[in-house]
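The values are calculated or read from the model by the stated rules, or taken from the named source; none is laboratory data. Model, not experiment: these values are computed from the prediction. Ideal geometry is used to build each Cβ from the backbone, glycine not excepted, and the neighbour counts take in all protein chains shown.
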Amino acid sequence: MKVGMNLLLWTAFVTEEHFPILEKIKKTGYDGVEIPLFDGDAEHYKKIKKELDNLGLGCTAVTVVNAETNPISPDASIRKAALDRIKWALDMTSVMGGDLLAGPYHSALGVFSGQPPTADERKRAVEVLTQAADHAQKVKVKIAIEYLNRFECYFLTNAMDAKNLVREINHPYFGTMYDTFHANIEEKNISHAIASMEDTYVHVHISENDRGTPGSGHVHWDETFKALRKAKYDGWLTIEAFGRALPDLAAATKIWRDMFPSPEDVYGNGFKFIKEKWEAFK
């Protein structure tokens, strides 16, 4: 098991300005960080890789898609833009030495049809994401597609649907992931949700019910860690917390007040919490 910290707590675009934060995360004991991918080129991310290597930090990455890059759009040009976007994110992850790209890039974040997902939308998603998985295999970066909750998307909103999508695409570089925040909203039984995903999930986000410091809210943490241990999960446990520092992200995640006393509380106490819970259920 490796413990990671998602840098969206501070920024949507990591630069040299954030290197002191990387140092603090390393000193806390983290194995790596999750880098947001929304902009930038290979030269930029080579600099990020150099600093990660200097500090001995591993990395994963995370991205999203929007209405102009939506894999389930009926517009073929938008679906092509979606595939290009995902390929770019996979390439940048590879440049940084990361082995996994997380995120809900199965469909546009915050875009709703007013109806459940259709068979045609499912077909489009499978087509685009299968091509993305082929590219992922070329650059040796695994896809960890993220199901969200029904307030953030409508296409993929529970563990069973996520597992079924992985089974349908049936590609060695295509998997799903488990996020405790979304599961806390959507799953009726946490242990069953984790067990039902079987071998399809390759990444885990540790996120409190209010997006604050893990362990400070009402997520069913004992049940979660016990189920992960029972499933013999051995990948990343990456903290994902959001504040008000980034207005666009705060709007997307509906964060209107401070959910934690400080970033230091999130990554400091969050790290201790994960380590304690992981050991408690070994």
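Listed by first and then second residue, the pairs linking a residue in the range 110-124 that is in contact (Cβ under 8 Å) with a residue 24 or more places away in the chain to a residue that is surrounded by 10 or more Cβ atoms within 10 Å (Cβ to Cβ) and of a type outside the set (Asp, Glu), with Cβ atoms under 6 Å apart and 6 or more places separating them unless they lie on different chains, are 111/67; 112/154; 117/155; 121/72; 124/72. Restricted to the range 152-208, the set of helices (runs of 4 or more DSSP H) holding at least 2 residues that are of a type in the set (D, E, K, R), out of contact with any strand residue (DSSP E or B) (no Cβ under 7 Å at 6 or more places or on another chain) and without any contact (Cβ under 8 Å) to a residue 40 or more places away in the chain comprises 159-169. The strands (runs of 3 or more DSSP E) falling completely within the range 1-87 that include 1 or more residues that are free of Cβ contacts under 8 Å to residues at least 60 places away in the same chain map to 32-36, 58-62.
Per-residue answers, yes or no, for (1) modelled with pLDDT under 95; (2) within 14 Å of the chain's Cα centre (by Cα):
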{"residue": "165", "(1), (2)": "no, no"}
{"residue": "168", "(1), (2)": "no, no"}
{"residue": "187", "(1), (2)": "no, no"}
{"residue": "206", "(1), (2)": "no, yes"}
{"residue": "213", "(1), (2)": "no, no"}
{"residue": "227", "(1), (2)": "no, no"}
{"residue": "238", "(1), (2)": "no, yes"}
{"residue": "245", "(1), (2)": "yes, no"}
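Screening 260, 271 for residues that are under 20 Å from residue 33 (Cα atoms), at pLDDT 90 or above and assigned to a loop (DSSP other than H, G, I, E, B) leaves exactly one candidate, 260.
Among residues that are touching a residue at least 24 places away in the same chain (Cβ under 8 Å) and under 28 Å from residue 108 (Cβ atoms), residue 235 is included.
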